[in-house]
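Comments concern the structure below.
Computed from the coordinates by the stated procedures, all read-outs in this text should not be read as laboratory data. Treat the numbers as computed from the prediction; the structure is a model and nothing was measured. Every residue, glycine among them, receives a Cβ derived from its backbone with ideal geometry; neighbour counts consider all protein chains shown.
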Amino acid sequence: MDFASTDGTAWVPLGSLLGSPAAPALVARESSDEATIRRIAEYERISAIVWTVIAVVQILTLVAIIAGLWNLYAAWTRFRIVPHIHARNCQVPEAFESITGLVVIGLINLFLGGVVGVVGIVLDFVVRDHVLKNRHLFDQVSDEQLPV
């Protein structure tokens, strides 16, 4: 037995999830759309963390400090877009359409930062793919500008 809620989740008896229909507690079950949005936001957060780690390593080595500073900026913009993904801001897919930024950061990392930035680029393309495939989920109008 499911109990609908206003935010798109369904409440189901905990016992039915644990195999015991007698348990009275209710737990929230995400809708597939909410789960997809949550997953995309997590991927973007992971991307931001990866870029931060790469940036710190590059900055500390001093050899790749320019790429490290650029990657730190990239990480900061990724952290800032995560709340917009959670809010299903309709501007999010537009921010992921162009690959120019990914090409630029890829070239900077290739020439100034070594090949370690390839991990971040691959992850960014994965996030981009998920956002664009699920653009229909980003349906909330917002006046707030996205970080670029």
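With θ set to phi - 60° and the Karplus curve 6.51 cos²θ - 1.76 cosθ + 1.60, what are the ³J(HN,Hα) couplings of region 108-113 in order, to the nearest whole Hz, using x for Gly and Pro?
Computed from phi, the couplings for region 108-113 are 4, 5, 5, 8, 10, x Hz.
Going through region 60-148, which GluC sites (Glu not before Pro) have at most 11 other Cβ atoms within 10 Å and a DSSP loop state? Can you show the working numbers first?
Working: sites: Glu94, Glu97, Glu144; in loops: Glu144.
Loop-located and lightly packed - Glu144.
Is there a quick way to get the dipole size of region 22-137? I mean about its Cα centre, with the Cβ of Lys and Arg at +1 and of Asp and Glu at -1; what is the value in debye to the nearest 20? Could the numbers behind the result be given before it?
Numbers: 10 positive and 9 negative charges, 22 e Å.
Its charge dipole is roughly 100 debye.
Just to be sure I understand the model, the point goes 7 Å from the Cα along the line to the Cβ. What's the resulting Thr100 to Arg135 distance in nm?
1.7
Residue by residue, what Karplus-based ³J(HN,Hα) values in Hz, rounded to whole numbers, does region 86-102 have, using 6.51, -1.76 and 1.60 with θ = phi - 60° and x for Gly and Pro?
With the stated coefficients, region 86-102 comes to 4, 7, 6, 4, 5, 7, 4, x, 4, 5, 9, 5, 6, 9, 4, x, 5 Hz.
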